[in-house]
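The values are calculated or read from the model by the stated rules, or taken from the named source; none is laboratory data. All values derive from a computational prediction rather than experimental measurement. Heads up, the Cβs are rebuilt from the backbone with ideal geometry, glycines too, and the neighbour counts pull from every protein chain shown. Side chains included, ligands, DNA and RNA excluded: accessible areas come from the protein's heavy atoms. Shrake-Rupley method; radii C 1.70, N 1.55, O 1.52, S 1.80 Å.
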4 protein chains.
Amino acid sequence: MTRTPVALYGAAGYGGQELLRILSNHPLLRVAVATSQRHAGRPVEAVLPQLEGFYPDLAFQSPRAPLAVRCEAVLLATPHGVSHKLFAALLERDPDLKVVDLSGDFRLHDEARFHAAYGAERSLPSAAAKFAYGSTETNREAIHAARWVANPGCFATGAILALGPLAERGLLQGDVTLAQTTGSSGSGADPKPATHHPERAQDLRAYKVLAHQHEPEVAQELERLGAGGFDLGMVPLSGPFSRGIFTVASLRVDAAVDVAALYRERYSGEFFVRLRSESPALRHVVRTNFCDLSIHRRGERVVVLTAIDNLGKGMATQAVQNLNLILGLDERAGLLAPGANP
Amino acid sequence: MTRTPVALYGAAGYGGQELLRILSNHPLLRVAVATSQRHAGRPVEAVLPQLEGFYPDLAFQSPRAPLAVRCEAVLLATPHGVSHKLFAALLERDPDLKVVDLSGDFRLHDEARFHAAYGAERSLPSAAAKFAYGSTETNREAIHAARWVANPGCFATGAILALGPLAERGLLQGDVTLAQTTGSSGSGADPKPATHHPERAQDLRAYKVLAHQHEPEVAQELERLGAGGFDLGMVPLSGPFSRGIFTVASLRVDAAVDVAALYRERYSGEFFVRLRSESPALRHVVRTNFCDLSIHRRGERVVVLTAIDNLGKGMATQAVQNLNLILGLDERAGLLAPGANP
Amino acid sequence: MTRTPVALYGAAGYGGQELLRILSNHPLLRVAVATSQRHAGRPVEAVLPQLEGFYPDLAFQSPRAPLAVRCEAVLLATPHGVSHKLFAALLERDPDLKVVDLSGDFRLHDEARFHAAYGAERSLPSAAAKFAYGSTETNREAIHAARWVANPGCFATGAILALGPLAERGLLQGDVTLAQTTGSSGSGADPKPATHHPERAQDLRAYKVLAHQHEPEVAQELERLGAGGFDLGMVPLSGPFSRGIFTVASLRVDAAVDVAALYRERYSGEFFVRLRSESPALRHVVRTNFCDLSIHRRGERVVVLTAIDNLGKGMATQAVQNLNLILGLDERAGLLAPGANP
Amino acid sequence: MTRTPVALYGAAGYGGQELLRILSNHPLLRVAVATSQRHAGRPVEAVLPQLEGFYPDLAFQSPRAPLAVRCEAVLLATPHGVSHKLFAALLERDPDLKVVDLSGDFRLHDEARFHAAYGAERSLPSAAAKFAYGSTETNREAIHAARWVANPGCFATGAILALGPLAERGLLQGDVTLAQTTGSSGSGADPKPATHHPERAQDLRAYKVLAHQHEPEVAQELERLGAGGFDLGMVPLSGPFSRGIFTVASLRVDAAVDVAALYRERYSGEFFVRLRSESPALRHVVRTNFCDLSIHRRGERVVVLTAIDNLGKGMATQAVQNLNLILGLDERAGLLAPGANP
């Protein structure tokens, strides 16, 4: 069976490394091109020794060079501000290329919202409207029909899966408070003060309080799903673990609504969303595409908890899920890995 | 200079161990009696080797035996349900005894509230009214005048210091949401599934969502300070670190109020509360009595963040602070230790 | 394609959980029976929520009941002292059963050595001689020819892969010192003081110094490979991580021997042993069957470092590797997962 | 009581931060000058918020400026290669200055050994001979008589305390193998790949195997104590914790020697060395000046284990201990802090 070749840009970053790991086991796809500006020309296995044995013949190429192999699709695991330029260049060479972009460049449709979030311009602003927002469980049909997907941010994924079912029913109103704790891999592969081990190992702290760039994409998706009259407040926190995002979403819902039943029904057919009777736990979802979720209630107060892997469902595995969809494959292909406990 | 003898009950638990550590350096107090049911008769340094060199002549005595040395004050670092019985027995022997109780037995004045939180009866319910609630910075005068202090819960301390200034001004209204993440030492010295290292080391999860027993004592104290018409919703989380509680408090405050200025003024004379321009960090307060705090705002939305050590300001150091007060000592005696960074 | 049914005893322990995880993705085998004394009768996914979606129809059965489905092979992920009894009972029912035992019950051929290591008797001592010792890379032919395999201990695996190539050439002599640090999952699924998170999270300490029960099986295997006149000294350490064993092996080798070349040649055909030019790292091998290894030299002094996953190559994945061999399958089936970096 | 002013160079590094923390509580000394090249001119508490409340009036000065306050002694917590230049400049201004240097610049007396270890020249090589090597417990008299002290390296401290008693008796011979695991704070305050949290959080790896620059100073001190005919082999490891060094020292000693009794006697008067019947544990010594130690034996094989805080006894607290000695103070002044358990 020949596996379809895909190209991976930004392959040496954390998102790229995860995609290489996952796709090494994909039954239908294979990474035929991997780019890295810093490591161009070096064998993948020399730069990423954890992958030794799986990419014996692959070397990083420069992102500026034409694709060494014709690929049907491209994964852009490149930073904000880089993806949109690569996208323009790639499409010029091959207008039929299918694309999943993991950056924030094409997530926000509204130009003002984009500018407020990223403080930057983007080329091809008109292209953004043609990108399907890649929150698979809430936007599957549009993704399936699209050629280009803007893969959601990690915080956004945890928040949308927590709140989407209420938004779809018009039950999302008033103050919605999000406290979301991320692992250190969310800061990327380059060392920085916030990820300096001696200071992070047993610490907890917040950052970009009420000002994180993922908040507007959550609002945009919830509005698209039918919500109105709500006010989001996102508090991102940095936790002393390497992978995972835990979301606490708090809001009020009319006491007459059976929220637990609503979620149970809504997610009953979703393989990658698992309802828990007690709090989900990060350790059960790390290195998987699963989102574990629980509902808690006291009168009108509702708390929804979600646990995902920031590099998994919050990034690389959801990108593969979306890539599967736009290529017409089984959405679960390559993603059938259960979690571990310890 | 003779140091005043005090007795410490439950000295082999985590609260007790911290008290032994702190009091070993107290310039005015010394632990003359340390009890432990499990270790009665054994030298303190044999059971707690980290203290070797500091208690060469002290052995644990049984909590049931009369105090081997006459003590002016007693610290009860004993579990809920145990403290109130010890209290009754101790007072019978010595009605003048001063007491700081670290358990939840005497924190709630209202019997119904107590029963709802702890699902139990207590002896001497009438005594609860005579206990000053030991939130030092919000209730100092009452503590100073009291003989008995009910030391606050760890979550409660982080929450009250975050919300007290608003409550005092009558600005605490509507929904108040608390997401509070605790270190594993909060579960005590006995191993249990929730503190099993292989499963906790890189995990995050919630527990007792909207149902934690510290919530009512926060409400009680905020009401006492002047708040009304608010609804607390506490979400406790278990973090993969050993010490610390990080609190995210979210609420709405009239946009005309200068919240930051209010906190700055309110805490300007409080040595143990430090205002930060950015998020506080657990690592800076661990093993100290400090509460670091920051204020964040977007329109009416206000987020207050606090960081304390669950075993420090959330337990043992605040108990010493209160003990100092009821003994007429400088409140800071024995507590002048700065934090560390790594 | 029908997958061959196998039975898994002790399926709710950490070794069992890993085997369930790995075998869920095995292309040729499936777990048809999973036993757990504590959880008999309960659905696997209810007890082990990280596996939800992968074992919808499997419930734990009692280890005492006959196999609900006829299985060609059995994995015994049961504790020392339990496996040998189960083995006897299982063989009585089905003398053709193939068995991989993960306990220490059948690793040591010499009865005195067994007694010294485990302080216990075992039934069927004569059976031990018929068990192939499951150090796959050093004993593959015997395993391939065997029906029963005694899967090595986790420390033993890290040590044998470090020292085997020297033993095979008769170069292992004199003092051989092992300092081996294990993750907390090596202590199993039941909470105990040594795995209490508040005390383990940032700690390091040794245990069973020069007295660990895995030492004799290392000696036995190295002797079998040709070593003589050496003295092993194993120092096991408990590290503050959940998974992995890092081995430092120190010894002297004649300066004329090109040790690096010897290892390079010896392991060139071994997919699961990867030679590194710098120190291996636990993070690259966790959740895999890989052993990463490096050689360091100064004059006659040689240091060999190995990194494995204590639950992977040190336990569950090596058991699957051995199971594949005794069933005549490709040894790598189900084990082709690369490591991750963060 | 007036506290003697001392100057602290490199005060914003990890060693400097620890010294500021410890000296804030020193009964007889106070930091009157703190230098930082990067932060010159900024208030100490603005740069190091964990110290807020303890240095309200101190600002960093440039290391190049003359001391703003006359100081009797200087602590150089500056990097290798910087200290020796500062020393020369300081001595020129004030030839009577007492100095404790925490770098490696003056530890090695032999110029060839220095060059081999640090690959560099140093100014004032002749000065090195006048520095007392600051291994307090093995070299107290020389330190007491000295004006200048070269504070030992962190690995060296753990190793010398493990082996010194044997060296003093001429019992240290043959191969001596050291496996020493350090916390991440040993790499200093600047982020680097080896301390990037996502990759260090659950990792273990070695570095500079048989080639660490602390090895020669261990050899030098052991030789000075009387050892000869031994060969040291040091394997440094990077552990996933922020503070601490755990040392495993392995060697052979004539079976007739009662090694445990020898250590018990040798260290009986040493307050900061505590003999344990079981393995020491890092968590008991972190943030202290203690070295906990245990002896293990099987025939001639001897294993000595030590646990210290790399930033404490391995750096800042030992520097204060030495500073006390050269200033004629009680060696324990400012260091009477017990360890904690969780």
| remark: Distance in Å, no decimals, from the C-alpha centre of the stretch A:289-342 to the one of the stretch D:194-252 is 43
| said: Using a 10 Å cut-off around each Cβ of peptide D:48-61, what is the average number of partner chain Cβ atoms that fall inside? | reply: 4
| note | Output row for residue B:300: copy-to-copy label distances, label 7 Å along Cα→C-beta, ascending, in nanometres, one decimal, is 1.3, 8.2, 8.3
| field | Label-point gap, in nm, between residue C:145 and residue D:40 - each point 7 angstrom along Cα→Cβ | value | 7.7
| Relative contact order (%) - chain D, alpha-carbon pairs under 8 angstrom, separation at least six | 17
| Convex hull projection area averaged over all views, the stretch B:236-304, Cα basis, nm² | 5.3
| message | For a quick size check, give me the Cα extents of chain B along its three principal axes, largest first, whole Å. | response | 60, 44, 42
| Which Cβ of chain C lies nearest the axis of the rotation superposing C onto D, and at what whole-Å distance? | C:179, 2
| Rounded if a/c under 1.5, otherwise prolate or oblate - the protein assembly as shown, Cα gyration tensor axes | rounded
| said: Placing the label point 7 Å from Cα along the Cα-to-Cβ direction, what are the distances from residue D:226 to the equivalent spots in the other copies, shortest first, in nm to one decimal? | reply: 4.5, 7.4, 8.7
| request: Could you work out which residue, out of A:321, A:180, A:37, moves most in a Gaussian network model of chain A, that is, has the largest mean-square fluctuation with Cα springs under 10 Å? | output: A:37
| query | Residue farthest toward the positive end of the dipole of chain A, with Cβ of Lys/Arg at +1 and Asp/Glu at -1: which of A:19, A:206, A:50? | reply | A:50
| query | Between B:67, B:108, B:325, which gets the highest mean-square fluctuation from a Gaussian network model of chain B, Cα cutoff 10 Å? | reply | B:67
| Residues in the stretch B:9-32 that a label on residue B:330 would reach, taking backbone N under 16 Å of a point 7 Å out along Cα→Cβ | B:25-29
| query | What whole-number value in Å² describes the accessible area per residue of the protein assembly as shown for a 1.4 Å probe? | reply | 32
| What dipole magnitude, in Debye to the nearest 20, does the stretch A:50-193 give about its Cα centre under +1 on Lys/Arg Cβ and -1 on Asp/Glu Cβ? | 140
| message | Only Cα pairs within less than 10 Å get springs; with that Gaussian network setup on chain C, which residue of C:255, C:77, C:65 has the largest fluctuation? | response | C:65
| message | Longer than 32 Å from Cα to Cα, which of B:98/D:313; D:130/D:192; B:85/B:192 are they? Say none if no pair is. | response | B:98/D:313; D:130/D:192
| field | Net dipole in debye of the protein assembly as shown [+1 Lys, Arg Cβ; -1 Asp, Glu Cβ; about Cα centre; nearest 20] | value | 0
| request: Would you give the gap between the C-alpha center of the stretch C:89-119 and the C-alpha center of the stretch A:65-115, rounded to a whole Å? | output: 58
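Would you please report the Å³ per residue occupied by the convex hull of the alpha carbon atoms in the stretch D:1-81?
92
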| request: Shortest first and in nm with one decimal, please list how far the residue D:328 label point sits from its counterparts in the other copies (point 7 Å along Cα→Cβ). | output: 4.1, 9.0, 9.3
| How many percent of the accessible area of the protein assembly as shown is carbon or sulfur, using a 1.4 Å probe? | 51
| request: Return the aspartates and glutamates within reach of residue D:208: Cα separation strictly under 18 angstrom, same-chain partners fewer than 8 residues apart disregarded; answer none if there are no such residues. | output: C:278, C:292, C:300, D:217, D:231
